[in-house]
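Have a look at the structure below before the remarks.
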Amino acid sequence: MLFFFKKKIDICLTILGYLPGHVHAFYIIYVYYERKEAALAGAIPERDAPGVYSHRVNTGGVRGYGTLQEQPGPERV
């Protein structure tokens, strides 16, 4: 009897972790591509998206202030 009770708890905890994790992942993907399209159109978002703490996701992957720009290498002869 105890085995079935533990099994039900395991199933419930799996569902409670699996579904919200996927919902959050889809939200992060949506924010990233929405911000990327806005950046390509020239619009800069004023605030970070709620619940998203990644600078790359919040800017749509566009490099901006505080990042290293690609430096030209030495010319080869």
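Read the figures in this text as sums done on the coordinates, not as results from a lab. On a predicted model such as this, the values are computed, not experimentally measured, just so you know. Cβ: placed from backbone, ideal geometry, glycine included. Neighbour counts: every protein chain shown.
Values for this structure:
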item: Rg(Cα)/(2.2 N^0.38 Å) for segment 1-45, N = residue count; result: 2.04
item: Qualifying GluC sites (Glu not before Pro) in segment 1-54, DSSP loop, other Cβ atoms within 10 Å at most 15; result: Glu46
item: Extended-chain gain in nm, criterion 0.36 nm per residue less alpha-carbon gap, Tyr30 and Tyr18; result: 2.5 nm
